[in-house]
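Input: a single structure, listed below in structure tokens.
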Amino acid sequence: EEGNPPARGEEGRPWNSALGARRVQPLGKADCHLPADAPQLLELPQDVTVELGRSALLACRATGRPLPTITWRRGDDQPLGPRPGSRPGRPDSGVLFFESVVPEDQAPYICEAQNVFGKVQAQAHLLVTGHAPPQIASSASTVRVLERQPVSLPCIVLSGRPRPERRWLKAGMPLPPGSRHSVRADGSLHLDQAMLEDAGRYSCVVSNTAGSQHRDVQLVVQASGVPTPTITWTKETNALASGDPHYNVSKDGTLVIPRPSVQDAGAYVCTATNAVGFSSQEMWLSVNTKPRILVNGSHEADKPLRVTAKAGDEVILDCEAQGSPPPLVTWTKDSRPMLPMTDR
């Protein structure tokens, strides 16, 4: 009634008249009021630093009457999603969950709680660490090949996180679909038979979300020669005979060593000769072998050796190891590794 004090709830707070309802009955009238509150944040979202590929969670809780709806949005005006790897929780849960973060997830995020009496918001930052731009191994800037011979242009990725994507260009343009080029597992661009029209500038472009790098290589295709040249091979100035059972020279001039050994390592020179002139190319062959431990300089150690020494005298235990590349030698005593340097 006019002039009466405002009605109050059980806790002494005034009721919001917007929710008041009046019902007229034959015996009089009655007022019904429901309590109402604007939203308040009970738990503020915290800044989170997470490694690339790990999960992350942003959370905030709010109260209010009626219960407010909680929504999330990015503070950089980019769309929040949905995106594979991230999913928001229920609107009233206040949870934003990332199953596997990527560099694009790094941003400020705003939590907003809203009901009919107002809204309140708070901001938190998600920082993604552990990503790095790709690095490409150095390689020859020019590759020469005879016409109709196979050739590969290397592109070895040393590092990069997330895993970089690799693509090849020729003269700045993508390679046409259905071309004779193929990309091998190691990323190299391969041609089974190089033709004169394959010559040109090729670029290997490697990129991820952290950056990109490219490496250019010039492919020079040389005519095979008229008349057809004769192919010969030499190893350290010694000519390799085509009838040697250890070597096999195919009709196209390719040298094949079926079972290479350490003695086959060294410099090889391929020479193409005809009546007009000659062309040579040197190649180096390295042969890796498993380690071998030698005793007394010649015999391989198959059985344990017994050494008897007098207490206090110096004892030397020889361990000569051979292999390519040179093997790493370690010592153990009673199956326990020994430190490289000790007082004894």
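Bear in mind that the values in this text are calculations on the coordinates, not laboratory data. Predicted, not measured: the structure shown is a model, and the values here were computed from it. Because the Cβ atoms are built from the backbone with ideal geometry, glycine has one as well, and the counts that use them run over all protein chains shown.
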So what does the Cα-only Debye profile of the stretch 132-222 read at q = 0.14, 0.15, 0.23, 0.26 Å⁻¹, as log10 I(q)/I(0), no solvent term? -0.48, -0.54, -1.15, -1.38
How much FRET efficiency would the formula 1/(1 + (r/R0)^6) give for M173 and T129, where r is the Cβ-Cβ distance and R0 is 51 Å, rounded to 0.05? 0.90
Among the stretch 108-142, those whose backbone N falls under 19 Å of a label point 7 Å along Cα→Cβ from R163 are 130-137
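What FRET efficiency comes out for L285 versus Q222 if R0 is 22 angstrom and r is the Cβ-Cβ distance? Round to the nearest 0.05. Walk me through the numbers before you get to the answer.
Values: r = 23 Å, r/R0 = 1.04.
My answer for the efficiency is 0.45.
GluC sites (Glu not before Pro) within the stretch 122-221: which are DSSP loop residues with at most 15 other Cβ atoms inside 10 Å?
Working: sites: E147, E165, E197; in loops: E147.
Here the GluC sites (Glu not before Pro) that fit, given the DSSP loop and packing criteria, are E147.
Sorting I231, I70, I136, I257 on the 10 Å Cβ count, fewest up front, what's the list?
Working: I231 18, I70 25, I136 21, I257 14.
Arranged by neighbour count, lowest to highest, I231, I70, I136, I257 become I257, I231, I136, I70.
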Spin-label pair A107/Q46, simplified geometry with 7 Å Cα→Cβ offset, distance in nm: 2.4 nm
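Translational D (Stokes-Einstein, µm²/s) of the stretch 38-129 at 25 °C and 0.890 mPa s when Rh comes from the Kirkwood sum over C-alpha pairs? Could you put the intermediate results ahead of the total?
Values: Rh = 13.2 Å.
In µm²/s, the coefficient is 185.
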So if R0 is 45 Å, what FRET efficiency would S141 and A239 give, r being the distance between their Cβ atoms, rounded to the nearest 0.05? 0.90
